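Written out below as structure tokens is the structure these notes cover.
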Amino acid sequence: NANPPTVTVTSVTNPTTGRVWMDRNLGATQVATSSTDAAAYGDLYQWGRGTDGHQLRTSANTSTLSSADVPEHASFITTSSSPYDWRSGQNVNLWQGTAGTNNPCPTGYRLPTLAELEAERASWGSSNNNAAGAFASPLKLPVAGYRSYSAGSLDSVGSSGNYWSSTVDGTVSRGLSFNSSNAGISSLNRASGFSVRCIKD
């Protein structure tokens with residue numbers, strides 16, 4: 001079943017930014033109890049895709065690109081050629097706002113913009129600009145790792161956190177990445193599988 005059981009949406013507010021977020025990653029069964037809490041890692045989404053089963057860490061791989069916004073299968077789409085997108089013919093309009101095509105978030109929630117993620121990171125403070133700061137924040141962001149766009153394999157699970165924004169930058173999209181030593185904004189290939197933390201609109 002590609003559709004996970006419905007979880008009650010519980011929110012958390014960052015008092016510094018005033019923004020309301022989901023209290024856990026999409027697909028996670030609980031709020032993180034530590035930076036490396038596997039039950040809080042959740043799913044890994046390719047940028048712009050909906051909750052169709054591809055986001056599950058155990059989903060199959062296919063190297064056949066999709067010509068549609070909604071692939072008719074639950075496989076993770078790998079690619080080894082530029083622009084490194086799962087979609088043949090890129091669509092920058094996916095994931096934009098609560099009514100955006102393929103928005104995977106619960107009703108009233110959406111992907112954060114790059115500015116919203118950056119404000120979140122800034123609220124950790126300069127001395128906490130790393131995975132420890134991510135977990136110490138009200139969002140308790142774990143190091144859920146990512147899925148390789150070329151191989152579909154899991155990587156850096158337990159050592160890095162990678163979170164999509166809705167913001168596009170040319171042929172890539174922007175996201176927040178962090179590890180034990182630092183945190184920052186990255187330009188990321190859209191076929192990569194990264195965590196999603198939804199923000200209330």
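The values are calculated or read from the model by the stated rules, or taken from the named source; none is laboratory data. Given the structure is predicted, the values throughout are model-derived calculations rather than measurements. All Cβ positions, even for glycine, are placed from backbone atoms using ideal geometry, and neighbour counts span all protein chains on display. Ligands, DNA and RNA are stripped out before the accessible areas are found, and what is left, the full protein with its side chains, is counted by its heavy atoms. Shrake-Rupley method; radii C 1.70, N 1.55, O 1.52, S 1.80 Å.
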Quick check on GLN55: is it touching a Leu at 6+ places or on another chain (Cβ under 7 Å) and polar (S, T, N, Q)?
yes
List the residue pairs whose Cβ atoms are under 8 Å apart, where the first residue sits in the range 17-45 and is over 15 Å from VAL157 (Cα atoms) and among the acidic types (Asp, Glu), the second is open to solvent by less than 10 Å² (accessible area, probe 1.4 Å) and modelled with pLDDT of 95 or more, and the two are 6 or more positions apart or on different chains.
ASP23/LEU139
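Conditions (1) closer than 23 Å to GLY184 by Cβ; (2) among the hydroxyl-bearing types (Ser, Thr, Tyr); (3) open to solvent by 60 Å² or more (accessible area, probe 1.4 Å), marked per residue:
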| residue | (1), (2), (3) |
| --- | --- |
| TYR41 | yes, yes, no |
| TRP47 | yes, no, no |
| THR58 | no, yes, yes |
| ALA68 | no, no, no |
| HIS73 | no, no, yes |
| PHE76 | no, no, no |
| LEU94 | no, no, no |
Could you check the range 161-184 and list, in sequence order, the residues that are among the small types (Gly, Ala, Ser), open to solvent by less than 20 Å² (accessible area, probe 1.4 Å) and farther than 18 Å from SER126 by Cα?
SER165, SER166, SER173, GLY175
Do we find that ASN189 is touching a Phe, Trp or Tyr at 6+ places or on another chain (Cβ under 6 Å) and open to solvent by less than 20 Å² (accessible area, probe 1.4 Å) in this structure?
no
Show the residue pairs that are 6+ apart or on different chains and have beta-carbon atoms under 6 Å apart, the first residue being within the range 133-159 and within 11 Å of PHE76 (Cβ to Cβ), the second being open to solvent by less than 10 Å² (accessible area, probe 1.4 Å) and of a type in the set (A, V, I, L, M).
ARG147/LEU44; TYR149/ALA191
